[in-house]
Structures are given as C-alpha cells and as structure tokens.
There are 2 protein chains.
Amino acid sequence: MALDAWVNESLYPAWGQRFRVKRWLARAESAFQDIAIFESETHGRVLMLDGVVQITEADEFVYQEMIVHVPLLAHGAAERVLIIGAGDGGVLHRVLAHRTVSRAVMVEIDGEVIRLARAFLPDIGGTAWEDPRAEVIVGDGIAYVREAPDASFDVMIVDSTDPIGVGEVLFTDAFYAEAARVLSAHGVVVNQCGVPFMQGEELAETSRRRQRFFPHVGAYVAAVPTYVGGFMTLGWAAKESPLAAHTPAEIRARAEAAGILGKTRYWTPEIHTGAFHLPPYIAALLPP
Amino acid sequence: MALDAWVNESLYPAWGQRFRVKRWLARAESAFQDIAIFESETHGRVLMLDGVVQITEADEFVYQEMIVHVPLLAHGAAERVLIIGAGDGGVLHRVLAHRTVSRAVMVEIDGEVIRLARAFLPDIGGTAWEDPRAEVIVGDGIAYVREAPDASFDVMIVDSTDPIGVGEVLFTDAFYAEAARVLSAHGVVVNQCGVPFMQGEELAETSRRRQRFFPHVGAYVAAVPTYVGGFMTLGWAAKESPLAAHTPAEIRARAEAAGILGKTRYWTPEIHTGAFHLPPYIAALLPP
C-alpha cells in the first residue's frame, strides 16, 4: 500500500472497496502489523491494519453499538466486562456508556494502535481512556485470560482482526476454553466473525469451536457500511441461555436502566431482537 | 471505464467497490446508457449501467427477494403486478414464482438491456421470459402508467437506477400521481431508494414525494452485498394501510399459499417483518 491518492482495501484479492485519500495522518510498522490512518474524502478518518479497514469515523457507530449493546443488554446484569483487542478505544467507550458497568478491562496486544488512535482518532475512544472504571492493558489477550481468575467477568467482547496474523489465536480452542472459565455463570462472549457472504468459513469454523465449550452458540447480524459485502456477523456463546431470548420491551427497559436509550444511531430494541433472525444463506453456516 | 483487469464502480466519486475481471462478455452504448457485462472472479457475472453495479449473479437473490416478496406478501392478494425497469428479468422471475400472480407486466425502456441480459445472464430471468402470465414491453414506464386504466394493478415495483440519467423520471411527482391512480384500492408501490448512508437525500426526497399521493409511506431495509455502504432501502407507499402491519405467522401463511416458503436464501417471514424496523440514522430521513 503506497501513499497514493486512492487506497484499495486488500482483504479480498479480487474484490473490495477503495477510498480517495484527502490526507495521510500516520503510517507505522509496529511489532505486529502495518498501521495506517488517513483522512478520507467520504468517511472521515480511517484506520487500517495490514491493509484492512478496522474503523472509520463515519460508520463506527454501527459496529460499536452492535458488538457492545447486544451482549450487555442480553446479559442484563453485566458489571464486569473484558474487551480483547479494540485498540482504537471505541468498544471501551460504548461499554462505559452503560452506567451499570463497574469495571471494563481492555487488553490490546499492539500499543502502537492505542497510541496512534489516541493521537489521530481521539473521538473514537473519547473520555473512556480516563474513566476510573477502565483498565487498559497492552498485552496478549490469550495470556490475560489464562491468568484471570475463574468467573471474573460477565461479558467478554472479542473485537479482533480476521483470523489471520495477530488475531489468529483468538479463534482457537485454547482461547474459547479459557473464555468459558473466566466468565461468570450467566456469562456471554461475543466475537466478530466477518462478512459471511465473502468469508463464510470464518463464521462456520468459530461457531463449531465455541460449541465445544459453551452450551449455547449462535450469531447475529449488523449492516456495517465499510465492512462491505452485506451483513457482517457477530458470533455469540453463552453459558446459561440463548442470547436471543428477550422481547423488545425487556431490552428497552434494560437500555433505559443502563442509560443508553435514545442515544444510538443504529441499535434499537427492535433491531437488537431482529438481528438474531438470520437470512438462510447465513443460518446455513451455523451448527445445527 | 476501460476494458481493464479491474473495474472501479463510479457511483460515488471518492469511494466505492472494485471487481477483478475474469472476462469481458458484452459492452454496448445503447440509446440510453452504457451497458457492460463481465465475469468477475468473485461474484459471477456482473451487469453495470453507466458504471454502476445493477446486479451480480452471486448476490442478486438478496435484492430480488426483498423487492418482490415483501410487497406481494404484505399486500396479501396481489394478482396483477406492474414492474418498471428491471430489464435483467430478475424481478419478473421472482414475481412469477408466486403462483397467486395471474399477470405480470414489465416495462423496460432499454431493449438492449433485455437483449444482453437474456444472452449473457440467462439464469437471472430464467423461464420468466416465456411465462404466459408475463408481458414484456420495451417502452417508457411513465408513458405506460399514464395510459393504463384506473385500478389496473395491485402491486407496482419500480426497479430503477438511481435518480440520475434514464431513471430520473421515475422519481417525479408526475410518476407517483399516475402510480396512485393505476393501483387498486389496496394497492402498493415499492421503489428502490438507494443506500442511505451514502445517498440519504434519495430516500428523503422520494418519501416526501410519495407522501403527496399516498396516505401511508415508509421504507424497509435489505443488506445487499454489492450495493455497498450498509443497508439499502426500499421505499413503499400504500393506499389503504401500512405495509408493516403483519406478524411473521401471517406472512408465513401467505408465503406458503404463494408457493415460495423455503425457497429463499435471504427473505424469511421474520426478516420480512424485521426489515421495517429502521436504524435511527435511516428513520431520521423519513417524513414524520
């Protein structure tokens, strides 16, 4: 990827999106990956890792709201949240918007992502970095969960890259086994599972893996503008009951108690409950 | 657009998708537009008009199922269907899949689109072209509705390009006034309203226009992989009652009677009813 006027996303070799660049802001080769931040003409500032779009200022709300509000409100009493990845701070920001959350630990392996995001994408993390309920750790997510006490978190959010490169260990049996152990009795883990129209195997494979360690697994969908290719999926696994077992009215009441009702641009109680209804072409990728 | 190995969609000047071309199949300058059909490496064959993706073999099912099954099943007793545009034959194909439909008239202004689609995208229209219930007219959609008798159709589907170039007249007051007249008492019109994350004004403007001639207007969403940019919207207008007033069970029974249940890859009764719940960033574009 050269410092050109156009940036072509390199996620898929023969199809993808491209952005016209207004201005380059940062470019770094960290110990883990190639980090690029630029200002686009159409989507505000854009963060790419190894040539793949992670976040844009214009549409980050879709992904963040759906990866955070759905598991926290489906759980219903989530106080302790563990975030793996999400170095831009956006997930942490949305988690802490729930006044019901007492502690949020974020473990990001690449300190350079945090440093550059705080410098060039300050609105994504917002005030989350200084929140007294937040603990930000630069380190290996899988090592962190291995050392964490049993039942020490209610919800775990895995906001990783696709299962290539640095994010690969977050899609392994070893990781899910530890995830099940560190989650409390009603615990829930959610992880991004890619765009099944293009990457169907990612959802299929991680669903099979999660099923080995959790009695309930499934997925829900979100239409994220710059995760191009139709719906992306967020895979979930739960220790006690399916994540989808709520009415919009129940979810609405929980959102009100958490203080997020009316403050979202994509998530609503109805979108929340509707997102568990998968199109057949996606449902076919899940275990029976 | 040159006959290159990569085709960049030109819908938006500073963002968009690109396809790697395996083989060029057809290229023509009709009286109305530039028509291109190529075989992509990722999405099967692709039809572009004036540089904008209209359909790909790989994901056409999403758009066709949602623009056809939703209005026909929400209407509940649709026998006579008028299709404007959709020269590739895909909408006609899905309409005729409803055994409850007795007549489908398709009016496409550009005979070259029909000719090239039948030659190079034969699976899109399938057997629809020879169906005795079908009447395919090469002509001006607005002229057709102007001359059609009052109350002569139950459902109208406007599968146009965006409101630029040849499709522009299908977004005018004159068109919607005639649409209201030719629809029967319970009549419904649906038209594609673009991707609101990128083209918000298209949904806002056509909703305002439809509201002048119909008591009920709204929109529903579909995540079409190659209409990149998050949800696309299908705007609806109805003469008698809102399109969303059904339970999944009611829609399921109608789909069974129509003979389409279990034959879809995106549409389900739950996706049907859920699609009317709009994310706030889209709902904000509709009239109050």
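The values are calculated or read from the model by the stated rules, or taken from the named source; none is laboratory data. Predicted model only: the values in this text are computed from it and were never measured. With ideal geometry, Cβ positions are generated from the backbone for all residues, glycine too; neighbour counts draw on all protein chains shown.
Quick look at the values:
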read-out: Test: residue in region A:256-273 that is within 26 Å of A:Arg210 (Cα to Cα) and part of a loop (DSSP other than H, G, I, E, B); value: yes
read-out: Residues within region A:26-69 that are out of contact with any Lys or Arg (no Cβ under 7 Å at 6 or more places or on another chain), of a type in the set (D, E, K, R) and part of a loop (DSSP other than H, G, I, E, B), tallied; value: 2
read-out: Test result for A:Ala253, touching a residue at least 12 places away in the same chain (Cβ under 8 Å) and not assigned by TED's automatic domain parsing to the domain that holds A:Val52; value: no
read-out: Subset tally (residues that are in contact with a His (Cβ under 6 Å, 6 or more places away or on another chain) and within 12 Å of chain A (Cβ to nearest Cβ)) for region B:253-267; value: 1
read-out: Selection status of B:Tyr220, crowded, with 16+ Cβ neighbours inside 10 Å, hydroxyl-bearing (Ser, Thr, Tyr) and within 22 Å of A:Trp267 (Cβ to Cβ); value: yes
read-out: Options B:Gln192, B:Gln211; residue that is within 19 Å of the chain's Cα centre (by Cα) and either at negative phi or not basic (Lys, Arg) (or both); value: B:Gln192
read-out: Index of the failed condition, A:Glu202 passing every other in (1) buried (at least 19 other Cβ atoms within 10 Å of the Cβ); (2) modelled with pLDDT of 95 or more; (3) among the acidic types (Asp, Glu); value: (2)
read-out: Among the residues listed as A:Gly16, A:Gly44, the single one being without any contact (Cβ under 8 Å) to a residue 60 or more places away in the chain and more than 30 Å from A:Ser241 (Cα to Cα); value: A:Gly44
read-out: Residue match in region A:1-22 (condition: assigned to a loop (DSSP other than H, G, I, E, B), at pLDDT 95 or above and in contact with a helix residue (DSSP H, G or I) (Cβ under 6 Å, 6 or more places away or on another chain)); value: no
read-out: Cβ-Cβ under 9 Å pairs, at least 6 apart or on other chains, region A:131-157 side on the phi > 0 side of the Ramachandran plot, far side hydroxyl-bearing (Ser, Thr, Tyr); value: A:Ala151/A:Ser184
read-out: Checking B:Ser30 against (1) among the polar types (S, T, N, Q); (2) in the same structural domain as B:Gly218 (by TED's automatic domain parsing); (3) surrounded by fewer than 23 Cβ atoms within 10 Å (Cβ to Cβ), the condition it does not meet; value: (2)
read-out: Cross-chain or 6+ apart pairs with Cβ under 7 Å, region A:259-284 first and free of Cβ contacts under 8 Å to residues at least 12 places away in the same chain and over 21 Å from A:Ala77 (Cβ atoms), then among the β-branched types (Val, Ile, Thr) and crowded, with 21+ Cβ neighbours inside 10 Å; value: A:His277/B:Thr268; A:His277/B:Ile271; A:Pro280/B:Thr264; A:Pro280/B:Thr268
read-out: Any hit, region A:76-94, residues being assigned to a helix (DSSP H, G or I) and among the hydrophobic types (A, V, I, L, M, F, W, C); value: yes
read-out: Residue count for region A:75-84, restricted to those that are buried (at least 24 other Cβ atoms within 10 Å of the Cβ) and in contact with a Phe, Trp or Tyr (Cβ under 8 Å, 6 or more places away or on another chain); value: 3
read-out: Out of B:Ala249, B:Ala180, B:Ala238, B:Ala174, sole residue that is at pLDDT 95 or above, over 30 Å from B:Gln17 (Cβ atoms) and in contact with a Lys or Arg (Cβ under 9 Å, 6 or more places away or on another chain); value: B:Ala180
read-out: Qualifying residue in region B:232-239 (condition: assigned to a loop (DSSP other than H, G, I, E, B), closer than 25 Å to B:Val182 by Cα and away from chain A (no Cβ under 11 Å)); value: yes
read-out: Qualifying residue in region B:184-194 (condition: within 12 Å of chain A (Cβ to nearest Cβ), touching a residue at least 60 places away in the same chain (Cβ under 8 Å) and buried (at least 17 other Cβ atoms within 10 Å of the Cβ)); value: no
read-out: Residue that is within 30 Å of B:Thr42 (Cα to Cα), crowded, with 23+ Cβ neighbours inside 10 Å and of a type outside the set (Ser, Thr, Tyr), where the choices are A:Pro279, A:Pro288; value: A:Pro279
read-out: Residue within region A:70-79 that is within 14 Å of another protein chain (Cβ to nearest Cβ) and within 30 Å of B:Lys22 (Cβ to Cβ) present; value: no
read-out: When residues of region B:39-65 are limited to those that are crowded, with 23+ Cβ neighbours inside 10 Å and over 17 Å from the mean Cα position of the chain (by Cα), the one farthest from the other protein chains (Cβ to nearest Cβ); value: B:Arg45
read-out: Residue match in region A:191-198 (condition: of a type in the set (Gly, Ala, Ser) and under 20 Å from A:Val91 (Cα atoms)); value: yes
read-out: Odd one out for A:Pro13, checked against (1) facing another protein chain (nearest Cβ under 9 Å); (2) buried (at least 19 other Cβ atoms within 10 Å of the Cβ); value: (2)
read-out: Matching residues in region A:195-223 - criterion: being without any contact (Cβ under 8 Å) to a residue 60 or more places away in the chain, within 14 Å of another protein chain (Cβ to nearest Cβ) and part of a helix (DSSP H, G or I); value: A:Gln199
read-out: Of the criteria (1) within 14 Å of chain B (Cβ to nearest Cβ); (2) crowded, with 23+ Cβ neighbours inside 10 Å; (3) not polar (S, T, N, Q), which one A:Arg23 fails; value: (2)
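Let's see how each residue does on (1) away from chain B (no Cβ under 11 Å); (2) buried (at least 16 other Cβ atoms within 10 Å of the Cβ):
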{"site": "A:Gly230", "(1), (2)": "no, yes"}
{"site": "A:Pro242", "(1), (2)": "yes, no"}
{"site": "A:His246", "(1), (2)": "yes, yes"}
{"site": "A:Pro269", "(1), (2)": "no, yes"}
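Yes or no, residue by residue, for (1) of a type in the set (A, V, I, L, M); (2) under 19 Å from B:Phe231 (Cα atoms); (3) out of contact with any Cys (no Cβ under 9 Å at 6 or more places or on another chain):
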{"position": "A:Gly200", "(1), (2), (3)": "no, no, yes"}
{"position": "A:Ser207", "(1), (2), (3)": "no, no, no"}
{"position": "A:Ala223", "(1), (2), (3)": "yes, yes, yes"}
{"position": "A:Thr226", "(1), (2), (3)": "no, yes, yes"}
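Here is a yes/no grid of residues against (1) part of a loop (DSSP other than H, G, I, E, B); (2) over 18 Å from B:Ala86 (Cα atoms):
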| position | (1), (2) |
| --- | --- |
| B:Val105 | no, no |
| B:Ile114 | no, no |
| B:Ala117 | no, no |
| B:Ile124 | no, no |
| B:Ala128 | no, no |
| B:Glu135 | no, no |
| B:Pro149 | yes, yes |
| B:Leu170 | no, no |
| B:Ala185 | no, yes |
